[in-house]
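Notes for the one structure printed next.
The values are calculated or read from the model by the stated rules, or taken from the named source; none is laboratory data. Bear in mind that the values here come from a model prediction, so they are computed numbers and not experimental data. Cβ sites come from the backbone with ideal geometry, for glycine too, and all protein chains shown count toward neighbours. Only protein heavy atoms, including side chains, enter the accessible area calculation; ligands, DNA and RNA are left aside. Shrake-Rupley method; radii C 1.70, N 1.55, O 1.52, S 1.80 Å.
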Amino acid sequence: MSSQRFLAFGLRFYVVIFFIYLFLPLIIMAAATFNDSRFPTVTPWDGTTLRWFGELAADRGMWQALRNSLIVAAGVLVVAVPIGIATALFLNTVTSRAKPFLYALILSPLLTPGVIIGISTLIFWRQFGVSGGIFLTVLGQATFIAAYVMLMVTARLQRFDRTMERAALDLGASQWQMFRRILLPYLKPALYSAAVIAFLQSFENYNTTLFVVGYDTTLTVYIASKVRTGLTPAVNALGLILILVTVLFAAIYELKRRREAARSVKGV
């Protein structure tokens, strides 16, 4: 009994330490937003202020960089998600010995350093007269982000009952009808998760983006340049706003999920 209590205590202690490790940097970053120091720090505390939100509002370069990051992330979703879905569906139908090779080939961009992907993308597309910019950034990021989408869709497909697919085809449904009415609804949870991961991977990417973005600076590249020229707590203010927006969307999603679960229970 004592060993079970000790194990339960150790598990709880580990969970507490893990969450402290996870959230303490975010708390310190948020607190630095309200420090009157011109450096993003909480020590020494020079007084409480809200002026960094005003500095953030006046920083046109940062807002333009944020806008570019959102545009790139949206473009990556448009490119990477369909490619990832198609790749997962293709691998799900392959039964030959070449499947492990194809699987490793598709995953190879994830094992390639982002610097190499960025440089190779820039060199390749310059042969066709395409210089760095948002378009090339989308292509460069989608090269490896599509593999994340493929992994998540593949994991979902491995639990799919193929007899439902064959039954729909035997009843006269076309391939498109079967995909739209049976397979796509089944894949929706994985698609939503893959889209969120693809968006976040694109939004925070730096290594690949640095070489292909050209003069259209994204948020990560802009912040990195500000580190060299002088970073202010205005960056902390933007980070705090992004955290609050993320928490808001997560709360809305959770409320929606609980309402749908309650409706399904009442329907039963």
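Remarks
- Whether the chain is rounded, prolate or oblate, judged on the alpha carbon gyration tensor where a/c under 1.5 counts as rounded: oblate
- Nonpolar atom fraction for the chain, defined as the carbon and sulfur part of the 1.4 Å probe accessible area, stands at 68 percent.
- Each residue of the stretch 13-18 was assigned a 3J(HN,Hα) from its phi angle through the Karplus curve 6.51 cos²θ - 1.76 cosθ + 1.60 (θ = phi - 60°); the sequence is 4, 4, 5, 5, 4, 4 Hz, with glycine and proline shown as x.
- Unit charges on C-beta of K, R, D, E only; dipole of the chain, Debye: 840
- Only helices enter this figure: runs of n ≥ 4 DSSP H residues, each worth -39500 (n - 2.57), summed and divided by the residues of the chain, yield -26000 deg cm²/dmol at 222 nm to the nearest 500.
- Computed about its Cα centre, the charge dipole of the stretch 64-211 is approximately 220 debye, with only Lys, Arg, Asp and Glu carrying charge at their Cβ.
- Overall form of the stretch 133-268 per C-alpha gyration tensor (a/c, 1.5; a/b vs b/c): oblate
- Rounded if a/c under 1.5, otherwise prolate or oblate - the stretch 204-251, Cα gyration tensor axes: oblate
- Distance from the stretch 216-238 to the stretch 1-55 (C-alpha centre basis), Å: 22
- Taking all protein chains together and a 1.4 Å probe, the residues 70, 77 rank 70, 77 from largest to smallest accessible area.
- For residue 247, the solvent-accessible surface with a 1.4 Å probe is about 90 Å², rounded to the nearest 10.
- Note that the stretch 129-139 has calculated 3J(HN,Hα) couplings of x, 9, 8, x, x, 5, 4, 5, 5, 4, 5 Hz, one per residue in order, obtained from phi through the Karplus relation 6.51 cos²θ - 1.76 cosθ + 1.60 (θ = phi - 60°); glycine and proline are x.
- Protection proxy ranking for 55-66, 153-164, using the average of other Cβ atoms within 10 Å per residue and placing the highest first: 55-66, 153-164.
- Accessible area per residue, Å², the stretch 52-181 with all protein chains present, probe 1.4 Å: 58
- For the stretch 68-146, chymotrypsin sites (Phe, Trp or Tyr not before Pro) meeting the loop criterion (DSSP other than H, G, I, E, B) and having at most 15 other Cβ atoms within 10 Å: 128.
- Of 224, 31, 98, the one that fluctuates the most in a GNM where the chain has Cα springs shorter than 10 Å: 98
- In this Cβ point-charge picture (+1 for Lys and Arg, -1 for Asp and Glu), the stretch 131-200 has a dipole of about 120 debye about its Cα centre.
- Listed by chain and number, the aspartates and glutamates placed with their C-alpha closer than 13 angstrom to that of residue 226 are 59; residues fewer than eight positions away on the same chain are left out.
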